[in-house]
Amino acid sequence: MTLLTVIWMIFKVIIAPSISIYLLNEFNLFSYITFIPEDKMFEVGLTAYLAVFETLFSFLEKIIRNQQAYISCVFYKDKTEENINNTPTIICNASTSHVANICCHIELSGNLNRLRKSQLSLKLPDWLSSQVLATDNVLKYNENTLYWNFDKLLPNEKNNKHTADCVIAIPFIQCADQERLQITLAPKQEKNWCKKFLVNFKTNSFKVCNKGDL
Amino acid sequence: MNKRFGKLFRNISDGQIENVVYNIGKENYYDLIKREQVRGFCQCIITSDIMISLSEYFLIFNNCDIISIEFSDDDEDLEQEISVIIRNLKENKAYWVSLKDKLEYLKEDSINIKKIDYKKIDTGEIFSIYVNGIYCSSDDMYEKFSLDLSKHVARCIG
């Protein structure tokens, strides 16, 4: 259950009825309709005012949902193991020529503008570095940080909603060695308070180590 | 014939690819990396995509043959299958299409290329490229090969 859903429930169950009752006490429109019995005026008014609020909230909810975007990022070693609940481990050492690869499956859906403005980043430790191909239009690598940008993956059109996905193979190479090296990595979303509510980002993490038994 | 080893590094600020002589056996691998990092360079990774691109370049434009391909996974059946295609490739360069398709398919299955050995048809000189950016060739062809390799890899890396 998301925070937005909880807020909506509080509004609908507590705030909307409270405001309806307050407004009814200040001004009951149905007191001017003469065919409604006097003892039923409050109930009729409450039902009607609640219905108005329900419609307003539904309308607001639709506007907010149209603004929402969903980003899913799943790391996996093998296609058969692709699962957001898994934490795959890749090994970088002399036996692998100090290189390892992980696949990243990105799925995007929802508000196009919000998706185009979204960015993920993954800062690497000093003992690892990575690389991206010149032809990659999603992933960039700068100052030992990987950045995912989606503006080139999505069409530049006015349609409010869209879905897209891509799979990227990300290589890593070891830059230093110790007896044991291990790190768990996961990208984070570059976001402000507004994006926190409107962009739903889900990812798993992956481990990089230099020994297979860690 | 003496073998010379080199390693490719990329300038972090301008993206230029540099080849650095690597005295394998005499020089510590990580000391070399640390030295280049201090100079503002990071390692180049010759991914399967880049290996495929390099193979096409050497085969078609540089009159070379592929001698062998080593993969990240040890699989005898795969090795045999690739050996057959490589043998056919020596007779007819059109088999490059089959080999390329196979390598692309393996890449999607997360089976990556670790090393490729090539041979220049006219001189018989052998050179190799490793996934971690290390390469080796004979002394005679080292300079030209290093330059060619750097230029081609620079086009591939973003």
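The values are calculated or read from the model by the stated rules, or taken from the named source; none is laboratory data. Since this is a predicted model, take the numbers as computed values, not measurements. Methodologically, a virtual Cβ is constructed for each residue, glycine included, from the backbone with ideal geometry; neighbour enumeration extends over all protein chains shown. Keep in mind that these areas ignore ligands, DNA and RNA; they rest on the heavy atoms of the full protein, side chains included. Shrake-Rupley method; radii C 1.70, N 1.55, O 1.52, S 1.80 Å.
Summing +1 for each Lys or Arg and -1 for each Asp or Glu, what net charge is found among the other residues whose Cβ lies under 12 Å from the Cβ of B:SER128?
Details: positive: B:LYS3, B:ARG4, B:LYS114, B:LYS115, B:LYS119; negative: B:GLU70, B:ASP117, B:GLU125.
In short, +2.
Which entries in the list A:LYS211/B:LYS114; B:LYS34/B:LYS115; B:LYS34/B:LYS119; B:LYS7/B:LYS107; A:LYS77/A:LYS152 go over 30 Å, if you measure between the two C-alpha atoms of each? Spell out each step's value before the answer.
Values: A:LYS211/B:LYS114 19 Å; B:LYS34/B:LYS115 23 Å; B:LYS34/B:LYS119 32 Å; B:LYS7/B:LYS107 23 Å; A:LYS77/A:LYS152 26 Å.
Check vs 30 Å cut-off fails for B:LYS34/B:LYS119.
Would you list the P(r) distribution for the range B:45-116, with all Cα-Cα distances sorted into 10 Å bins from 0 and each bin expressed as a whole %?
For the range B:45-116, the binned pair fractions read 20, 60, 20, 0 percent.
Of A:SER121, A:VAL74, A:LEU60, whose Cα points farthest to the positive end of the dipole of the range A:46-155 (charges on the beta-carbon: +1 Lys, Arg; -1 Asp, Glu; origin at the Cα centre)?
Farthest towards the positive end: A:LEU60.
Translational diffusion coefficient of the protein assembly as shown at 10 °C, 1.306 mPa s, Stokes-Einstein with Kirkwood Rh over Cα pairs, in µm²/s as a whole number.
Here the translational diffusion coefficient equals 65 µm²/s.
Across chain A, what fraction of all alpha-carbon pairs, as a whole percent, falls in each successive 10 Å bin from zero upward?
It works out to 7, 25, 23, 15, 11, 9, 6, 3, 1, in whole percents.
Among rounded, prolate and oblate, which fits the range B:86-156 when a ≥ b ≥ c are the square roots of the eigenvalues of its C-alpha gyration tensor, a/c under 1.5 means rounded, and a/b larger than b/c means prolate? Could you put the intermediate results ahead of the total?
Working: a/c = 2.11, a/b = 1.28, b/c = 1.64.
Verdict is oblate for the range B:86-156.
Sequence-distant or interchain residues sharing an amide H contact under 5 Å with A:HIS162, placed H: which?
So A:HIS162 has HN proximity to A:GLY110, A:LEU112.
Length gain on complete extension for the stretch B:GLN16 to B:LYS34, per 0.36 nm per residue less the alpha carbon to alpha carbon distance? Please list the in-between numbers first.
Numbers: separation 18, 0.36 × 18 = 6.48 nm, distance 1.81 nm.
Separation in residues times 0.36 nm, less the Cα-Cα distance, equals 4.7 nm.
Which stretch or stretches of the range A:87-102 have amide N atoms under 13 Å from the point lying 7 Å from B:ILE24's Cα along the Cα→Cβ direction?
A:97
If you add up the charges near A:TRP8, with Lys and Arg at +1 and Asp and Glu at -1, over every other residue whose beta carbon is less than 13 angstrom from its beta carbon, what do you get? Walk me through the intermediate numbers first.
Working: positive: A:LYS12, A:LYS62, A:ARG65; negative: A:GLU54, A:GLU61.
Counting the neighbours of A:TRP8, the net charge comes to +1.
Under 8 Å for C-alpha pairs, at least 6 residues apart: give me the relative contact order for the range B:1-71, rounded to a whole percent.
Details: 56 pairs, mean separation 17.9, N = 71.
Value for the range B:1-71: 25 percent.
Summarise the accessible area of chain A (1.4 Å probe, protein heavy atoms) by the percent that is carbon and sulfur.
Working: 6800 of 12190 Å².
Answer for chain A is 56 percent, counting heavy atoms of protein chains only.
So how much accessible surface do B and A hide from each other in total, probe 1.4 Å, in square angstrom to the nearest 100? List each step's numbers first, then the result.
On the way: alone 8940 and 13150 Å², together 20200 Å².
Interface between B and A: roughly 1900 Å².
Determine the sum of side-chain charges near A:ILE90: Lys and Arg each +1, Asp and Glu each -1, restricted to other residues whose C-beta is under 9 angstrom from that of A:ILE90. Display every interim value, and only then the final one.
Values: positive: A:LYS77, A:LYS207; negative: none.
Summing Lys/Arg as +1 and Asp/Glu as -1 gives +2.
Any chance you could look up the accessible area of B:GLU76 with a 1.4 Å probe, heavy atoms only, rounded to 10 Å²?
150
Does a label point 7 Å from the Cα of A:ILE63, set along Cα-to-beta-carbon, have any residues of the range A:1-30 with amide nitrogen under 13 Å, and which are they?
It comes to no residues whatsoever.
Which residues of the range B:13-34 bury at least 40 Å² of accessible area once all protein chains are present, versus their chain alone (1.4 Å probe)?
B:TYR30
Counting partner chain Cβ atoms within 10 Å of every residue's Cβ in B:110-117, what's the average? Mind showing how you got there, number by number?
Working: counts 9, 1, 7, 0, 3, 1, 0, 0.
Taking the mean over all residues of the peptide, I get 3.
Provide a list, ordered by number, of residues in the range B:37-52 showing at least 50 Å² less accessible area with every protein chain present than when their chain is taken on its own, using a 1.4 Å probe.
Residues meeting the cut-off: B:GLN43, B:ILE45.
So what is the relative contact order for the range A:61-214, in percent, with contacts set as C-alpha pairs under 8 Å and at least six apart? Intermediate values should be presented prior to the final figure.
Details: 334 pairs, mean separation 53.4, N = 154.
Normalised by residue count, the contact order of the range A:61-214 is 35 percent.
If the convex hull of the alpha-carbon atoms of the range A:57-125 is projected onto planes in all directions, what is the mean projected area in square nanometres? Write out the running numbers ahead of the final one.
Details: hull surface 28.4 nm².
The Cα convex hull of the range A:57-125, projected and averaged over all directions, gives 7.1 nm².
Please list, by residue number, every one of the GluC sites (Glu not before Pro) in the range A:110-194 that is coil in DSSP and has at most 14 other beta-carbon atoms within 10 Å. Could the numbers behind the result be given before it?
Values: sites: A:GLU143, A:GLU157, A:GLU179, A:GLU190; in loops: A:GLU143, A:GLU157, A:GLU179.
Those that pass, being in a loop and sparsely packed, are A:GLU143, A:GLU157, A:GLU179.
Over the protein assembly as shown, with the other protein chains present, what is the accessible area per residue in square angstrom, probe 1.4 angstrom? Don't skip to the end; give the middle numbers.
On the way: 20200 Å² over 372 residues.
In whole numbers, the protein assembly as shown has 54 Å² accessible per residue.
If amide H atoms are built 1.01 Å from N in the plane of the peptide, which residues on other chains or at least 5 residues away come under 5 Å of the amide H of B:PHE71?
Long-range HN contacts for B:PHE71: B:LYS114.
Whole-Hz ³J(HN,Hα) for each residue in the range B:131-138, computed from phi via Karplus 6.51 cos²θ - 1.76 cosθ + 1.60 with θ = phi - 60°, x for glycine and proline: what do you get?
Taking θ as phi minus 60°, the curve returns 4, 8, x, 7, 9, 9, 7, 6 Hz for the range B:131-138.
Once you compute Rg and the Kirkwood Rh from C-alpha atoms, what is the Rg to Rh ratio for chain B?
On the way: Rg = 15.8 Å, Rh = 16.3 Å.
Using only Cα positions, Rg/Rh for chain B is 0.97.
Please list the three semi-axes, largest first and in whole Å, of the ellipsoid equivalent to the range B:23-79, using sqrt of 5 times the eigenvalues of its alpha carbon gyration tensor.
Details: eigenvalues 164, 60, 30 Å².
One finds semi-axes of 29, 17, 12 Å for the range B:23-79.
Mean Kyte-Doolittle of at least 0.0 plus a Cα span of 30 Å or more along the axis: flag which DSSP H helices in chain B meet both, please. Walk me through the numbers before you get to the answer.
Working: long enough: none.
Within chain B not a single helix satisfies the rule.
Helix-derived [θ] at 222 nm for the protein assembly as shown: sum -39500 (n - 2.57) over DSSP H runs of at least 4, divide by residue count, nearest 500? Provide the component values of the computation, followed by the final result.
On the way: 10 runs with 124 residues, N = 372.
Taken over the protein assembly as shown, the calculation gives -10500 deg cm²/dmol.
For A:LYS207, project a label point 7 Å along Cα to C-beta. Then give me every residue of the range A:85-116 with its amide nitrogen under 12 Å of that point.
Flagged as within label range: A:87-91.
Taking Cα pairs under 8 Å and at least six residues apart, what relative contact order does the range B:1-146 come out at, in percent? Present the calculation step by step, with values, prior to reporting the outcome.
Numbers: 208 pairs, mean separation 44.8, N = 146.
Relative contact order comes out at 31 percent.
Out of the trypsin sites (Lys or Arg not before Pro) in the range B:27-69, which ones are loop residues according to DSSP with at most 14 other C-beta atoms within 10 Å? Write down the numbers at each step before the final one.
Values: sites: B:LYS34, B:ARG35, B:ARG39; in loops: B:ARG39.
For trypsin sites (Lys or Arg not before Pro) across the range B:27-69 that sit outside H, G, I, E and B with at most 14 neighbouring Cβ atoms in 10 Å, the list reads B:ARG39.
For the protein assembly as shown, give the magnitude of the charge dipole about the Cα centre (Cβ charges: +1 Lys/Arg, -1 Asp/Glu; no others), in debye to the nearest 20.
Around 1080 debye, computed over the protein assembly as shown.
So if I place +1 on the C-beta of Lys and Arg and -1 on the C-beta of Asp and Glu, and nothing else carries charge, what would the dipole magnitude of the range A:1-113 be about its Cα centre? I want it in debye, nearest 20. Don't skip to the answer; put the middle values down first.
On the way: 6 positive and 10 negative charges, 68 e Å.
Approximately 320 debye in magnitude.
Among A:THR34, A:CYS92, A:SER205, pick out the residue whose Cα is farthest towards the positive end of the charge dipole of chain A, where Lys and Arg carry +1 and Asp and Glu carry -1 on C-beta, about the Cα centre.
A:CYS92
Among A:LEU112, A:LEU46, A:LEU181, which one moves the most in a GNM of chain A with springs linking Cα atoms closer than 10 Å?
A:LEU46
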